[in-house]
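The values are calculated or read from the model by the stated rules, or taken from the named source; none is laboratory data. Owing to the predicted nature of the structure, the values given are computational and were not obtained by experimental measurement. Here the Cβ is made from the backbone with ideal geometry for all residues, glycine too, and neighbour counts use every protein chain on show.
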């Protein structure tokens, strides 16, 4: 059973001990409650954000060391100083308990003055085994690539970087080559965990503008690995990735237990299902408004939420089962954040799940103002 803790910041899974925490900045503890304008450099803001995160987790008996997965959303101005945030993380967690990390630079963090927003997932049972995408002795990065929590694989954002015998990083030169390298690395980790690509239920591709032009070709690589059981997918164009030569960073969730059921809102053929249910968990792909004739961001946001609700109904659940909601607002519409928040609060009758909202450079269609995806647990009361 999942219970709301605090001011809509966090949901806790009683059986597995999983807590999904909204994106937190230096001056906020929930999507709807901010205490002012963020100030200070990236290191200072990161420390403040972690203090806020620690406070939220303490409401459930979790600690920072229970965190298995972190997503850093970074303001492009702060990218050159990202090592400051890495240093704070290493200080807090220690080398053996580092979480899996995804880090992307987005157009705006919405909160005034914010340089970093941290979304976190804490799982008391989530740090049983580490799986590596290559030989452990070759792993040089300041995070763990994948924690195995028993039921869920908490995977760090995957990029195509490898190293030669002298430790020099190597990168394929185009998006198709980088996508191929990412899935080869994912295949090794899944194999170590005793899983297959069909166990991957959710995937988010963060693509930089210069790579997005080849994205349709890269989709064919995905099809080669996932065959007839692709995950629910979300694709967003971001300003920059933290790895200098990366054209794409791929975030994925894999679930071990339960039968898989693919869910779609229409019978129209698509490269991936709108959602995937495995066991009691449901992951949706990025949902957008079906009618893009309106430029009204609140109307588009409501359509996204209705689509997510429709998928959950097909899975045998409802909107109260949602534990995590992410809203990607396009650059052209990020000034409409209050309207998005209003649509979310209205849809959930004032009691939303954990919510993270960021502004991204663009979505797949220039008329799209917003895209949302969600995670739900059908065991929610």
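One table, with the values for the structure above:
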{"quantity": "Hey, residue 194 more than 15 Å from residue 243 (Cβ to Cβ), surrounded by fewer than 17 Cβ atoms within 10 Å (Cβ to Cβ) and either in the same structural domain as residue 365 (by TED's automatic domain parsing) or under 22 Å from the mean Cα position of the chain (by Cα) (or both) or not", "calculated": "no"}
{"quantity": "Lone qualifier among 217, 229 - being farther than 21 Å from residue 198 by Cβ, surrounded by fewer than 23 Cβ atoms within 10 Å (Cβ to Cβ), in the same structural domain as residue 192 (by TED's automatic domain parsing) and touching a helix residue (DSSP H, G or I) at 6+ places or on another chain (Cβ under 8 Å)", "calculated": "217"}
{"quantity": "Residues within the stretch 230-263 that are more than 19 Å from residue 146 (Cα to Cα) and touching a residue at least 24 places away in the same chain (Cβ under 8 Å), tallied", "calculated": "18"}
{"quantity": "Single match in 80, 133 (criterion: surrounded by fewer than 18 Cβ atoms within 10 Å (Cβ to Cβ) and either outside the structural domain of residue 357 (by TED's automatic domain parsing) or in contact with a helix residue (DSSP H, G or I) (Cβ under 6 Å, 6 or more places away or on another chain) (or both))", "calculated": "80"}
{"quantity": "The stretch 167-186: number of residues that are assigned to a loop (DSSP other than H, G, I, E, B), without any contact (Cβ under 8 Å) to a residue 60 or more places away in the chain and closer than 17 Å to residue 140 by Cβ", "calculated": "2"}
{"quantity": "Filter result for the condition that a residue is under 30 Å from residue 172 (Cβ atoms) and buried (at least 20 other Cβ atoms within 10 Å of the Cβ), over 243, 289, 254", "calculated": "254"}
{"quantity": "Criterion (in contact with a helix residue (DSSP H, G or I) (Cβ under 8 Å, 6 or more places away or on another chain), in the same structural domain as residue 355 (by TED's automatic domain parsing) and part of a strand (DSSP E or B)) met by exactly one of 312, 305, 325", "calculated": "325"}
{"quantity": "Residue 273 vs. criteria out of contact with any helix residue (DSSP H, G or I) (no Cβ under 8 Å at 6 or more places or on another chain), within 23 Å of residue 312 (Cα to Cα), surrounded by 21 or more Cβ atoms within 10 Å (Cβ to Cβ) and free of Cβ contacts under 8 Å to residues at least 60 places away in the same chain", "calculated": "yes"}
